[in-house]
Structures are given as C-alpha cells and as structure tokens.
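Student: Input: one structure, supplied below.
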Amino acid sequence: MNKLYWLDQIKLQDRAKVGDKAFYLSKIIQRGYPVMPGFVVSAEILRQFLENLNSSESLVADLPHSSLHLDVTNWRQLQQVASRLRQEILTATVTQEWVSTIFQAATEWQTSCLILRPSLAVSTATPGINNNISGLLESVFCQCEPEAIALALKRTWSQIFRARSLLYWQHLGINLQQINLAVLVQPVENAIASGSLTTNASGWEIEATLGLGIAIAQGEVQPDVYYIQPETGVVLEQQLGNKMLAYGVDDAAPKVFSQPVPNSALTPDHTCLITYMLPEAQQKQYSLQEEYLQQIIALGTQLVSELGKTFTIKWTIAEKTTSGKLYITQVSPSKSISHTHFIKGLGAAGGRVIATALVIINPQQKPEQLPKGVILVVPTITPDWLPLLQQVGGIITEQGGLTSHAAILARELSITAVVNATSATTLIQTGERLLLDGDRGEVYRIKGDSKEEMERGREENLLSSHHPNPKAPHPAVTSHLPMIATQLLVNLSQSTLIEQVQNLPVDGVGLLRSELMILNILNGQHPNSWILSGRQAELLELWSEQIMQFARAFAPRPVFYRSLDWRSQDLPSLRDSLESSPQSMLGERGTFSYLRNPAVFELELQALASVQQAGYSNVNLLLPFVRTVEEFVFCRRKVEQAFLTEVAQFQLWMMAEVPSVLFLLPEYVKAGVAGISIGTNDLTQLLLGVDREQGQLAKVFNERHPAVMSAIAQLIQMAKSAGIPCSICGQAPALYPEIIDKLVEWGITSISVEPEGVERTYQAIARAEQRIILAAARQKLN
C-alpha cells in the first residue's frame, strides 16, 4: 500500500481514487468546517485484492476483467452467483502490510471502534450517476484491531457483488473496470445525538436521535424532526419521534443516557456497538438541547455559501469530557435534477421512483389495465385493484393510513407508495413527471426532461424497482444473522413473490391473506357468482392450486391460511348481487358472514382438504374477525365435516382482533382454539374507535397507544396461561420495530411481518432476546 489519503490532504486529482463521499468531505474539512477526521483506503487497493484472489473457479479468476453482466432475469441464479462471489472475497486473505498500515493510522485516534464507509465513484459518461449510488452500499463497523479491520474491509468490498448491485451495474451497462470503490475509515465515538440536515429553498429539515445515527439508518427509531425557516433560522415546528433504543460504543454508556439498559446483542454488522434501551421518560424528551440545535442551524447557514441552497449533511455530536462537539460525517451536495416538493402525505411503502403520473378521479371506474411503470394517483384503493397494481411503479392515494389496504398492498408488492396525500388528484395532472419518495411521504414535481434528468430518473427507478425498500432482505446475506428463539414468519398473498421470499430466514407463513390471493383467479366475479353459475368445481380446482403453491414452497414449514375476510365496500367490483344490507365501517366481516352464507366457506374448506389430500400437512386455518364463541363453534364443526382435523398436524387458530377476545379467550380455548394471532390493525381501530382507512386520523390511530399495548400484553399472558401459542401478524411490528422488545419480553411465540420487514425484524428480535439473557445473567450474578 503506497499511502493512505487523509481527508485534510486530498486533492482534486485524487477524486477517482478516494470516491465521491470522501472527496466532498475533504473539500469541507479543508475549508475549516468540523468534519470527523478520517483517511481513505484507495480504490486501487481493491483492484489489487481482486487480482490476487487465488481460486480455480473461472468466475472468480476472471473477476478483475469481468463485465459483471449476468442474466439478471434469473433471480435464483443471480443470488447464487452473488453469494459465491462474496464468499470468495470474505474467505480470502488481506495483505498483512495493508492491515498494519490501516491499524497504525487508526491508533492515532485512540478509539476502540471504527466505521468503514464505502466511497464510490463510477467512471462513466452518464451525468450525475454517482449521486444516487449511496443507497446500494452500507457502512461497516468494527473493533480497532487488525483481524477485525481485515474482515470489515472485505465485507465493505464484497457489497459491490451483492445481487442488488449486480442488477444495477447490468442495467446501466457498467463493468467492473468502471467501478472505483474506496473505503473511508473514521473513528466512532459515543454521541449525544446524531442525525441529518436537509436544506432547500422552501425549508430546512433536521432529523435527530439520541446516540449514534445507525438507529436512524436501520429504521429502528423514528427520529425527532425540526422544521426550520431558512432565512431566519427560526424553528417553525418540531415533532417528537419514537426512540426506544440508542447505540453507543463498547461498555461505556454515553453520559446523555439516563439509566440505560445495555443490550449485548453484537451482530456481525457492528461488533463494537452496544444497543441501549432508553427509559420511558427519556423517550419522551427531544434529542437536541437548544444549544446543539442552534449549532446545527448555524452550521447549515454557513454551508449554504459553500454548497448552495440544496444539500444534505449527516452530523453527530460527539461526547467529550465537558461538552459535546458537532461533527459533519457525510455531505451530499445538490443533485442535478430539479424538483419541487409540493405534496406531503404518509410514507406507506419505502423507496424512490421517478415516473409519469396517471390520475384516476373515480376509483369505482377501474380501467381494464394500466400502463406499465406509471405512478397511479387515485382517491383510494380497494383490494380488488390488486391485479392492476402489479404493473405500476408507484402509488399515491388521497385517503388511507399506514394500515389501509393501499399501504398493505404496496408493502407486499414492493411498490413505493404515499397515502393520505390530500388533494393529490387535483394538484397532479396525468402526464406530469413526478418523483415519489415513499420513505419521507413526499411527492416532487420534476421540472424539465433533459437527457441528464432522464438518466437520473432511470437510476432512481433501478434502485427502487427491484427491491424498492432498501432494507429488503437478500437471501445471500442471511447466513450472517444470529440465532433467535422467537419464530419469525412472513405475511403473503401473491404466489409471484414465493421465489423471492421462500429463502428468507423465516419459519413459515404467518398470514396467507386469502381475500387477496383469490383475486387473481376470480376474474372480477364474486365466489357466489361462480357457485350459482355451476362453476363450483372449476373454482375449487383453481383455489386449491393457489393454496398448494404456498404449501409446496414452504413445506415442512407451516402456512397459516386465513379464510376470507372482506367487506362488500372493500370489493365494489366483486360485490355479490345477493347483498342488500346497508354498508357499514365493519360490514358482514369474518366468521359472521359464514353463518349468513356458508356456501363459500364450505368451498374454501374443500380447497384446504384437497391440499391435504395432495400430501401437504403443513397448512393450518386461521379464522378472521371472530365476534363470539358461537361463531367459532359453527366454524369448527364445518372444519370437522370437511375432515381437515383427520390430519394430526392440522391446527385451527383464530385472529385475536375483536376486543371481546380479551374477556372470552378461556371460553374459546375450551371450544377448541389451538392458537391465536393478534391482528393489531383491527384491534387498534376497535379499541381506539378510529377507522384505520382514515389517514387524517393517523396520529390518533396508534398501535403503541397504552390501551393497545396493554391489550396485547394481556392476550399473550392469557395464551401462555391457557397453554396455546400466540402470534402477532398486524402491521405494528414492521412499522414500529421498537415494540418487538416488549413482545419478546412478554413471551410472544411468533411474529409475522411483510417480506420487506423480515431482516430488520429478525435483528430486533435478536437484540431483544440478548437483552433478556443479559438481564437474567446479571440477576443470577447479583
């Protein structure tokens, strides 16, 4: 290794060697701004490392000269190739001289923890391409020790060969010779608070959380948000986030944490960090004292003269002996694309996508098909839109909350979505080019259609279209996850997602939504219409095959099939001509509808019986929206008449979502309930009296409300006392990972989430279990 590139010494001609992230920081630090110190391991070191890989496998031997252009349409093969390449890198040896040089330089900081930040530059004529690559690669934490540094370096390098990265290089025609991946090494110190400052002409936004910023990056907290008036620096509004945990370094808790409870779940991703569970009183406090808030605002004001009116910085307030010191850790100058934020809603499904808008004013008048890749703008979405949504690139609805049908469908289908976007169908016109940000819940209008902007749009879509949520898990990396005792299950409805999901680290399907699954085979007709027209046998065959696809893919892991649960107003295009009762917020939902019209439920049970007869014994039945013990007994008898209970492994569960279950669970168990699954969406709306479809009531619809959390705790305890398993399958664990700590502490048997939430839920479960183990060990020692 010839030399390291220190941030305060990098020159313009070094940009390709050090990457854009390091280059921008170097410009700022050399102008006297407070930047966390650091040095860069140049991109040339990675080239030398790849050339020295010793492997008989041709794929690896040719790697330094490879185009990396693979058949990305074959997802399973792409995952296998990505996994093989990364394994070769992780098992190879890093030259000892390189490691020693890095270690000796890092010891100058007298720190026990380092962060390795990927700093990428791509040699290409495509303008602006480097502005949007950061989402592909993640920072790696490690101990300041030679062996840990070597492993962290390899893990950072290996990310350019992840399946998602290979897909990106392929679509943009980039080969390995054009990729310059340097690594920025910086010390990690305990922080009072960390976050970001985003500026533009219309307003500034500061996000902040206690401790290190990794809690925000991993989606484990909702940060506090401060809205700033740019001209005056006045705080216009501030919103308290949800911060149950914080990160610190090693065993020395940051002084800012009042009586924290350390969590020793040290995952391979950050082996020098400790998670701290914050006391409830501190969770209700803002992260930034007025002094530090004003320092960040003043820093932003100064940076406007350097970077212009539009930029983003990430910052941390490092804990010093007497006070904190503000440092910049990352700089993102203004992007070449011109857009103006003009609609704010609720971010329902993550990702960013740029596409043309298609506005539909009347949701009752569904088109037969939608143009591929458009951003659909519509007042509301009901489940019968599902077949059409497979083609769209993004969704904007005027109505609905985070647990609305639009939000649930978007998350399962991995479509970027914003709900509760007031007046969207009025403010947006068909044909307008939009940037949809599902993480922030914002809609931007793109100005101009230059070649440069089109290329940027193409980049945004490549990063979002295949796995719109950047936290979506990849099978190739799950082998690094720690073991957990709590079962992790997945919510599904679409057979097209099976191949992507079946290799995730899940113990089965915790919720197979039949009402969404069956829409793919109904051809716009209600099941009653099929039965009345004499097509019962045809529907039975189609229904059985749909269920069998899930049973086959996940066997021997269990699949919990929830029988039909829909309201007539949820499916206007399938509304049964026999229905004449007036519509209500709840409708004739769940098992009550089976009593009113048992024919469809009986056909559903026949489909399950056909799956059993085909040799699959891993499918269980989950009854929805059970109001009374009598309704359950009626359904149990129907199940027995269909001979489903003849298979020893079969279990009959019920959803715990109608509040009466809090008083009747022992009676349900006596009647034959084998397990319960808590549906937080309906439980919350019924306990709090808030319609989950009304986005304007989003602040009131709160699954973390004390009444809801108390009900969940009571159900878990009652299930334990009755000796039956208790799962949870609503949106709450995926939307608010911080409550998982409580669920595990209370003794939840399993947690079922959307595919995009699997990896972060897995990590949250691991941390919660480790905290309990640590607390028990300490109690025993004491």
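The values are calculated or read from the model by the stated rules, or taken from the named source; none is laboratory data. For clarity, every value in this text was computed on a predicted model and none was experimentally measured. FYI the Cβ positions are ideal-geometry reconstructions off the backbone, even for glycines, and counts take in every protein chain you see. Just so you know, the surface numbers come from the protein's heavy atoms only, side chains and all, with ligands and any DNA or RNA stripped out. Shrake-Rupley method; radii C 1.70, N 1.55, O 1.52, S 1.80 Å.
Student: If packing is taken as the average count of other Cβ atoms within 10 Å, what order do 628-639, 297-308, 540-551 fall into, highest mean first? Working shown, then result.
Tutor: Working: 628-639: 17.2, 297-308: 15.3, 540-551: 19.2.
Those peptides, ordered most packed to least, come out 540-551, 628-639, 297-308.
Student: What's the extension gain from residue 742 to residue 533 if we count 0.36 nm per residue and subtract their Cα-Cα distance?
Tutor: On the way: separation 209, 0.36 × 209 = 75.24 nm, distance 5.08 nm.
Working it through step by step, the gained length comes to 70.2 nm.
Student: Rounded to the nearest whole Å², what accessible area per residue is found for segment 136-229 with the 1.4 Å probe? Present the calculation step by step, with values, prior to reporting the outcome.
Tutor: On the way: 2300 Å² over 94 residues.
I get 24 Å² per residue for segment 136-229.
Student: Give me the distance in nm between label points sitting 7 Å out from Cα along the Cα-to-Cβ direction at residue 602 and residue 388, one decimal.
Tutor: The modelled label-to-label distance comes out at 3.5 nm.
Student: Which FRET efficiency value, to the nearest 0.05, is calculated for residue 289 and residue 11 with the Förster distance at 35 angstrom and r the Cβ-Cβ distance?
Tutor: Values: r = 38 Å, r/R0 = 1.10.
For R0 = 35 Å, the calculated efficiency reads 0.35.
Student: Treat every Asp and Glu Cβ in segment 632-764 as -1 and every Lys and Arg Cβ as +1, leave all other atoms uncharged, and give the resulting dipole magnitude about the Cα centre to the nearest 20 debye. Present the calculation step by step, with values, prior to reporting the outcome.
Tutor: Numbers: 10 positive and 14 negative charges, 76 e Å.
So the magnitude is around 360 debye.
Student: Could you tell me which of the pairs 3/320; 21/243; 243/325; 27/314; 27/154; 243/284 are separated by over 20 angstrom between their Cα atoms in the structure shown?
Tutor: Numbers: 3/320 30 Å; 21/243 28 Å; 243/325 22 Å; 27/314 15 Å; 27/154 27 Å; 243/284 8 Å.
Going by Cα-Cα distance, 3/320; 21/243; 243/325; 27/154 fall outside the 20 Å limit.
Student: Please compute the modelled spin-label separation between residue 641 and residue 496, points set 7 Å along Cα→Cβ, answer in nm with one decimal.
Tutor: For the pair residue 496/residue 641, the computed spacing is 3.7 nm.
Student: If packing is taken as the average number of other Cβ atoms within 10 Å across a peptide's residues, how do 81-88, 46-53, 111-118 rank, most packed first? It would help to have the intermediate numbers written out before the result.
Tutor: Details: 81-88: 19.6, 46-53: 15.9, 111-118: 21.1.
Ranking, from highest mean packing down: 111-118, 81-88, 46-53.
Student: OK, next. Expressed in nm to one decimal, what extension gain is obtained for the pair residue 80 and residue 177 from 0.36 nm per residue of sequence separation less their Cα-Cα distance?
Tutor: 32.7 nm
Student: Would you mind calculating the gained length between residue 721 and residue 147 on full extension (0.36 nm times residue separation, minus the Cα-Cα distance), in nm to one decimal? Before the final figure, lay out each step's value.
Tutor: Numbers: separation 574, 0.36 × 574 = 206.64 nm, distance 4.84 nm.
Using 0.36 nm per residue and subtracting the Cα-Cα distance, I get 201.8 nm.
Student: Once both labels are modelled 7 Å past Cα along the beta-carbon direction, what's the residue 552-residue 97 spacing in nm?
Tutor: Simple spin-label model gives 5.7 nm for this pair.
Student: By the gyration tensor of its Cα atoms, with a ≥ b ≥ c the square roots of the eigenvalues, what is the shape of segment 339-417: rounded for a/c under 1.5, prolate for a/b over b/c, or oblate? Show your work: numbers first, answer last.
Tutor: Details: a/c = 1.31, a/b = 1.16, b/c = 1.14.
It comes out rounded by the Cα gyration axes.
Student: Specify whether the C-alpha gyration tensor of segment 585-738 places it in the rounded, prolate or oblate class, a ≥ b ≥ c being the square roots of the eigenvalues: rounded for a/c under 1.5, otherwise prolate if a/b is larger than b/c and oblate if not.
Tutor: Numbers: a/c = 1.92, a/b = 1.63, b/c = 1.18.
Since a/c reaches 1.5 and a/b is larger than b/c, the shape of segment 585-738 is classed as prolate.
Student: If each Cα of segment 271-399 is one equal point scatterer, what is log10 of I(q)/I(0) from the Debye formula at q = 0.16 Å⁻¹?
Tutor: -0.96
Student: Using the heavy atoms of the protein chains and a 1.4 angstrom probe, tell me the accessible area per residue for segment 674-782 in square angstrom.
Tutor: With the other protein chains kept in place, segment 674-782 gives 36 Å² per residue.
Student: Suppose R0 equals 60 Å; then what is the FRET efficiency for residue 229 and residue 545 from their Cβ-Cβ distance, rounded to the nearest 0.05? Each step should come with its number before you reach the end.
Tutor: Details: r = 59 Å, r/R0 = 0.99.
For R0 = 60 Å, the calculated efficiency reads 0.50.
Student: Applying a 10 Å radius around every beta-carbon, put 620-627, 429-436 in order of their mean neighbour count, most first. Intermediate results must be reported in sequence, preceding the final value.
Tutor: Numbers: 620-627: 22.8, 429-436: 18.2.
In decreasing order of mean packing, 620-627, 429-436 become 620-627, 429-436.
Student: Right, something else. Over segment 379-423, with every protein chain in place, what whole percent of the accessible area is carbon and sulfur at 1.4 Å, could you tell me?
Tutor: Taking all protein chains in place, segment 379-423 shows 48 percent carbon and sulfur surface.
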